[in-house]
Amino acid sequence: MLERFEVLRNAPLDHSPAILEVGSGPHAVSTIPLAYFAGSGGRIVAAERSRWGNFRSIVADSGMGDRIRPVTCDARRLPLRDRSVDLAVCVHGIRSLRGEENIVAVVREMLRVSTRVLVAESLPIARTGAQRAHLAMYDLREKVFSATSGVPDDLRYASLDRLASLVETAGGVVESTKTLEVDLPHFLAHFPRALAEAVPPGDLRESLLHRWDEADEMRRRTGTDHPPVGMVVASRP
Ligand SMILES: C[S@@+](CC[C@H](N)C(=O)[O-])C[C@H]1O[C@@H](n2cnc3c(N)ncnc32)[C@H](O)[C@@H]1O
């Protein structure tokens with residue numbers, strides 16, 4: 001949540017009392033900072049397909065529940081009217097959209113319901129050993145999840161240029177791009193070796209296990225830090 005605070009502190013949230021958040025996830029880690037920055041008059045529509053987890057209790061504990069409205073939906077078809085919010089954001093959610101076609105469809109919907117969008121996502125950049133250790137483990141996730149569940153979740157991070165170009169393909173006019181060093185640890189890429197062991201036998205499994213061992217060794221040596229975060233702000237023409 002501290003990392004989300006840092007990202008959103010650098011976002012153009014001024015004069016945006018009505019905000020749509022796409023892919024809010026089970027822990028409200030971006031929703032709470034959004035509600036905080038939006039202030040007492042702010043309203044956050046938190047759109048999530050299915051993974052609500054502890055969302056409701058975390059929001060209640062935050063004391064800002066009256067600013068947050070959770071909505072279960074597929075963000076490719078948002079149940080909101082055209083231009084009904086001031087800003088639509090997707091923070092660290094691009095990775096969960098299972099492919100570029102969906103990313104474009106979701107951003108197009110964000111641009112329909114809002115005049116402005118913000119997309120923030122980690123970048124495949126490592127300036128330190130600890131960031132390299134994060135990427136080494138994170139980069140295995142898409143392949144492991146695809147091979148074990150058939151679903152390409154946790155897509156590998158795209159470059160900032162690629163993110164901006166996907167936003168343009170969705171019809172957005174890019175106003176600004178930014179690369180932000182958040183300077184925080186990031187342990188969440190780590191996953192148990194048993195998941196990689198569940199990949200069907202073959203060259204892919206051997207290579208993933210070998211890379212998992214290397215990534216785990218890097219983590220032990222350096223710890224893991226958050227990579228830089230790319231931010232794209234765009235508007236509707
Ligand atoms: C990485 S998670 C949480 C991101 C969260 N904003 C954060 O800051 O950590 C992304 C979420 O997007 C949701 N999601 C994926 N595809 C979606 C879609 N088409 N519509 C709505 N939510 C979606 C997933 O269920 C997941 O909970």
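Below are the figures for this structure:
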{"read-out": "Some residue of region 168-178 being under 22 Å from residue 216 (Cα atoms), in contact with a strand residue (DSSP E or B) (Cβ under 9 Å, 6 or more places away or on another chain) and exposed (fewer than 14 other Cβ atoms within 10 Å of the Cβ)", "value": "no"}
{"read-out": "Residue count for region 12-24, restricted to those that are open to solvent by less than 20 Å² (accessible area, probe 1.4 Å) and either under 10 Å from residue 90 (Cβ atoms) or at pLDDT 95 or above (or both)", "value": "5"}
{"read-out": "Which listed residue is more than 15 Å from residue 141 (Cα to Cα), surrounded by fewer than 16 Cβ atoms within 10 Å (Cβ to Cβ) and among the acidic types (Asp, Glu), from 225, 203", "value": "203"}
{"read-out": "Helices (runs of 4 or more DSSP H) fully within region 159-237 counting 3 or more residues that are closer than 22 Å to residue 94 by Cβ and at pLDDT below 95", "value": "none"}
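The values are calculated or read from the model by the stated rules, or taken from the named source; none is laboratory data. Note that the coordinates shown come from a computational prediction; the quantities given were computed from them, not determined experimentally. Cβ coordinates were reconstructed from backbone atoms using ideal geometry, including for glycine residues, and neighbour counts include every protein chain displayed. When the accessible area is computed, the model is the full protein with side chains, heavy atoms only, and any ligands, DNA or RNA have been set aside. Shrake-Rupley method; radii C 1.70, N 1.55, O 1.52, S 1.80 Å.
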